[in-house]
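Have a look at the structure below before the remarks.
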Amino acid sequence: QQFSLSKRFDGDDVRTYASLTGDSNDVHLCDDAAKKAGFSGRLVHGMLVASLFSRIMGMHLPGPGSIYMQQSLSFRSPVYVGDDVTATVTVTGFDTKNGNIHFATEVVTSSGAVAINGKALGRNRVCAFERVGADGKTERVQPVSSR
């Protein structure tokens, strides 16, 4: 199972994130500073971009009742203010005994560059999942709380 969503981060998003986190590094807030640092414009904070994974896992896949437990991230290429990005979360495995779910996570820019990739671990004991068995048939796995 997989879910994707797209977003364009604007200057207000970046300023709000900088205010909330205290990360007011000039490469995020000032074009000249970003250019002096070797970029073509202001950068969106990597963790702001990665926050799309939380939105997907909490609201869509697996959805409400989920707990986001762990994330590894590699920042591969910059996301600039005004860029369109698509975040994708893919279920790569799950443990039917405890409800743990393993995910692959990726953000791609509209130019096709991989901006972020990684792996995540979550838990959901209320959502059922589908998986393809060794015989090629799709089976529905019931949540831990309903067994």
With a cut-off of 8 Å between alpha carbons and a minimum separation of six or more residues, what is the relative contact order of the chain in percent? 23 percent
The correct ranking of 73, 61 by accessible area at 1.4 Å, largest first, is 73, 61
Over the heavy atoms of residue 28, what accessible area does a 1.4 Å probe trace out, to the nearest 10 Å²? 20 Å²
Provide, for the chain, the number of lysine pairs with alpha carbons under 28 Å apart, each pair being eight or more places apart or on different chains. 6
Of the heavy-atom accessible surface of segment 58-118 (probe 1.4 angstrom), what whole percent is carbon and sulfur? 52 percent
What is the spin-label model distance, in nm, from residue 12 to residue 111 if the labels are put 7 Å beyond Cα along the C-beta direction? 2.6 nm
Report the gain in length on full extension from residue 72 to residue 40: 0.36 nm times residue separation, minus Cα-Cα distance, nm rounded to one decimal. 8.8 nm
Consider just the alpha-carbon atoms of the chain and return their Rg together with their Dmax, both in angstrom. 17.8, 58
The correct ranking of 17, 68 by accessible area at 1.4 Å, largest first, is 68, 17
Suppose the chain between residue 24 and residue 5 were pulled fully straight at 0.36 nm per residue; how much longer would it get relative to their current alpha carbon spacing? 4.2 nm
In deg cm²/dmol, rounded to the nearest 500, the helical mean residue ellipticity at 222 nm of the chain, built from -39500 (n - 2.57) for every DSSP H run of length 4 or more, is -6500 deg cm²/dmol
Could you put 90, 109, 21 in order of accessible surface area, largest first, with the 1.4 Å probe and the full protein assembly present? 21, 90, 109
Measuring from its Cα centre, segment 19-125 shows a charge dipole (+1 at each Lys and Arg Cβ, -1 at each Asp and Glu Cβ) which, in debye to the nearest 20, is 420 debye
At 1.4 Å probe size, with every protein chain present, just tell me what the per residue accessible area of the chain comes to in Å². 55 Å²
Rounded to the nearest 10 Å², what accessible area does residue 119 show when all protein chains are kept and the probe is 1.4 Å? 140 Å²
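The values are calculated or read from the model by the stated rules, or taken from the named source; none is laboratory data. Nothing here was measured: the structure is a model prediction, and the numbers come from that model. All Cβ positions, even for glycine, are placed from backbone atoms using ideal geometry, and neighbour counts span all protein chains on display. Ligands, DNA and RNA are excluded from the accessible area calculation, which covers all protein heavy atoms including side chains. Shrake-Rupley method; radii C 1.70, N 1.55, O 1.52, S 1.80 Å.
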